[in-house]
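Structure first, commentary second.
Where a number appears in this text, it was derived from the coordinates with a stated rule and is not lab data. What you are looking at is a predicted structure, and each value in this text was computed from that prediction instead of being measured. Don't worry about glycine lacking a Cβ; one is built from the backbone with ideal geometry, like all the others, and counts go over all protein chains shown.
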């Protein structure tokens, strides 16, 4: 008797289809494997080896003659260092809470409600992120310092017995950091809100849920991946924040982790090994946070976009739309209008005394910065070059990494996710020290290329998480249907995946561009004469010429805003969240 198997009963067309699919999926695995190897090698060279150098130094004595745990023991035994760590945690927690509240509220008001003026505020709310945080700190010293602050002088003129604001305090640090970090949350969460299926909220409203109950039980939970990603980035970023605590904390004798690290690496005797030990402890803590975040995200289904067509709609919040408008106005006033006004009047004043005298206004400070200060001219050219190239490379690497982690079946994708996020845990200054030590003695050291390497290593994880938040919201059904229909792996990615996540990719590029332009800490550690950035030039001016510093700040902000406007003019509204 002849046995007939199920395979033998298959039609030739079926066998042909199965064979073609098997070949395509095999080709897909090969391509993803090559991309995985490429990203892994780049991460090893740019991140792991420099940090490995730091880890090695953390276990060595200052003389590099023996391995020891003395550096870690001293951290625990040194009250000043422990106090700095506690202060950093307090600042990071306070800033995360306030900036997440501000960013989520602004995103909800502008993209899920019928609040008037959202087309204007959607751009204005992102302006603080264009400005380096240390420029914001400088601006707020002009506004809220007790002696020369414009706000304190205003309230005294209105009858107050004395100054009521004190920007040189922990509260002042949290306030300034929150204003300039909230746009990051806004950027992340806006993408999720804009692409959310409105039928989910409509079903909740039909079931009897009120406006705020729907927002709390449907809207916010569905945007949780973006909120968690933004909150983690804010917390780790603020732990490594250097510029604002330097400007506002040192005068108040409020030291944090990064100012202590700066003291160790800039004051004699230099203690790189102790700084490395503190950095390793921070990396471990941030790594645990990354794992917790990933577990929270992957344990639930967050798909908010499917193959079903729908038209995004906004919720009518009645008279509450005027409260939303007022909330937008207060944020823009605090984060945009007042700081820029303070910088502008200071830049036009020959000598800043805290009193506005229009009759003495002059453009001499701008002429000095643009014509006589060679460092600023070089810094402008170097910064634009580094920002364009660095943002492009970082976005490409971040997009590939996000796809491999959240879309592929690669067995090492969890490891890649953790590896790509390591640099988030490292203060920029300390990563710069590791990069400098690793490349010391090579032709790369002291060039723009070493700055580019450091910037790409530092900021690529931000692009990865920005793109990942869009990828998570897109159903895998699109990929499967495309492949079953006969598309190749690259055809599916190019024609299906990339168009759907394009807003997230463009936002990632813009995010990296801004972050490179505003970076100061890494630049201070890595620059040499001829490789200065605009942030370094402003820092050098800040030491002795406050009015010229304000002029340089205005110039930098104008340049960045001009580039953003060009991007907006050349992109469709749905491609750029501005």
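On a full-extension model of 0.36 nm per residue, what is the gain between residue 440 and residue 155, subtracting their alpha-carbon distance, rounded to one decimal in nm? List each step's numbers first, then the result.
Details: separation 285, 0.36 × 285 = 102.60 nm, distance 5.35 nm.
The span from residue 440 to residue 155 would gain 97.2 nm if fully extended.
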Residue span residue 270 to residue 65: 0.36 nm per residue of separation minus Cα-Cα distance leaves a gain in nm of 72.2 nm
Kindly state, as a whole number, the per residue volume in cubic angstrom of the convex hull around the alpha carbon atoms of the stretch 327-374.
-> 91 Å³
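Quick check on packing: order 445-451, 368-374 by the mean number of other C-beta atoms within 10 Å, highest mean leading. Walk me through the intermediate numbers first.
Working: 445-451: 19.1, 368-374: 15.4.
In decreasing order of mean packing, 445-451, 368-374 become 445-451, 368-374.
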Diagonalise the Cα gyration tensor of the stretch 27-160 and give the resulting equivalent ellipsoid semi-axes, square root of 5 times each eigenvalue, largest first, whole Å.
-> 42, 32, 14
Most packed first (mean Cβ within 10 Å per residue), the peptides 404-414, 318-328, 453-463 order as 453-463, 404-414, 318-328
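Calculated FRET efficiency, residue 164 and residue 37, Cβ-Cβ r, R0 56 Å, to nearest 0.05?
On the way: r = 59 Å, r/R0 = 1.06.
Computed FRET efficiency for residue 164 and residue 37: 0.40.
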From the Cα centre of the stretch 60-76 to that of the stretch 359-426, the distance in Å is 34 Å
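Starting from the eigenvalues of the Cα gyration tensor, five times each then square-rooted, give me the equivalent ellipsoid semi-axes of the stretch 337-438, largest first, whole Å. Could the numbers behind the result be given before it?
Working: eigenvalues 401, 56, 41 Å².
In descending order the semi-axes read 45, 17, 14 Å.
Could you sort the peptides 524-533, 265-274, 117-126, 99-108 by per-residue average Cβ neighbour count (10 Å cutoff), highest mean leading? Show your work: numbers first, answer last.
Working: 524-533: 19.8, 265-274: 14.2, 117-126: 17.8, 99-108: 23.2.
Order by mean packing, descending: 99-108, 524-533, 117-126, 265-274.
How much FRET efficiency would the formula 1/(1 + (r/R0)^6) give for residue 48 and residue 120, where r is the Cβ-Cβ distance and R0 is 45 Å, rounded to 0.05? Walk me through the intermediate numbers first.
Numbers: r = 45 Å, r/R0 = 0.99.
Calculated transfer efficiency: 0.50.
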